[in-house]
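Novice: Take this structure first; my questions come after.
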Amino acid sequence: MQDLKIFYEDNHIIVVEKPNNVPSQADKTGDEDLLTKVKDYLKVKYKKPGEVYLGLVHRLDRPTGGIMVFARTSKAAARLSEQIRNRQITKKYLATCDGKLEKSKDTWQDFLLKTERTNKSSVVSEDTKNAKKAVLDYEVINYNEKTNLSIVKVNLQTGRHHQIRVQFASRGHSLYGDQKYGTRGKRKTVKTLGLLFKFCASCYKTKNGI
């Protein structure tokens, strides 16, 4: 993995960039993951003996690049998790998708079902057992007629498995480079998913600690 790109660091949290195709945490591939990389950085920088605590409060899909926030204390992890549950943390993305969307901005609502065997989600009817409601808002910021690609700002109201990828693909606008959810054949060689986690803003305050 490349050297860490750190955006912010204090006694409570550390904010870093996750490169595309890097796991957020260790998985069965055994590839170097971001959680371990940040732990190693903290261990060396602060000369910490033994295991370093680092709380994983949110994840990004392996193909997705963007900003991740880690908690350096259990108290910070609890507070950040609470903010996520209460939607005090906003998650915004930039997506590059196939085709020209019918509306320049809209809200999409679907029900998604995850299949563990294939690690994929699909749009299903509301009455499907174990289906979960998925809602997002989008706004098109650019369309390139030559490449037939759109760049879209996405705001997640819910955080379902592969939500953005599934909701866009189900409407015929799969994300650029997404081999799992229907990228056009001529783009199968693209290794980077056209999805960037751009912001993670919360009511985090340092005055009295987190």
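What follows is calculated from the coordinates using simple rules that are stated; it is not laboratory data. Being a predicted model, the structure only gives us computed values, none of them experimental. For neighbour counting, all protein chains shown are included, and Cβ atoms are generated from backbone atoms with ideal geometry for every residue, glycine included.
Novice: Return the whole-Å distance between the Cα centroid of the range 9-34 and the Cα centroid of the range 63-123.
Specialist: Distance between centres, Cα-based: 16 Å.
Novice: With +1 assigned to the C-beta of every Lys and Arg and -1 to the C-beta of every Asp and Glu, and no other charges, what is the dipole magnitude of the chain about the Cα centre in debye, to the nearest 20?
Specialist: 140 debye
Novice: I'd like the FRET efficiency for Thr192 and Asn11, computed as 1/(1 + (r/R0)^6) with the beta carbon distance as r and R0 of 35 Å, rounded to 0.05.
Specialist: Step by step, r from the Cβ atoms, then E = 0.55.
Novice: Further question: Evaluate the Kirkwood expression for the hydrodynamic radius of the range 1-60, namely the inverse of the mean inverse distance over all pairs of different C-alpha atoms, and round to one decimal in Å.
Specialist: 12.3 Å
Novice: For every other residue with a beta carbon closer than 12 angstrom to the beta carbon of Ile89, add +1 if it is Lys or Arg and -1 if Asp or Glu, then tell me the sum.
Specialist: Result for the local shell: +4.
Novice: Of (1) 21.4; (2) 18.5; (3) 17.7, which is the value of Kirkwood radius over Cα pairs in Å derived from the coordinates here?
Specialist: (2)
Novice: Let me ask something additional. On a 0 to 90 degree scale, rounded to 10, what angle separates helix 34-45 from the longest Cα axis of the chain?
Specialist: Tilt relative to the chain: about 20 degrees.
Novice: Which one of Ile141, Ser104, Gln83 has its Cα pushed farthest toward the positive end of the charge dipole of the range 29-158, where Lys and Arg give +1 and Asp and Glu give -1 at the Cβ?
Specialist: After comparing all options, I get Gln83.
Novice: Let me ask something else about it. Once you put a point 7 Å from the Cα of Glu82 and another 7 Å from the Cα of Gln179, both along the Cβ direction, what distance in nm separates them?
Specialist: 4.3 nm
Novice: Along the Cα→Cβ direction, 7 angstrom out, place labels at Arg59 and Lys75. What is the inter-label distance in nm?
Specialist: The modelled label-to-label distance comes out at 2.9 nm.
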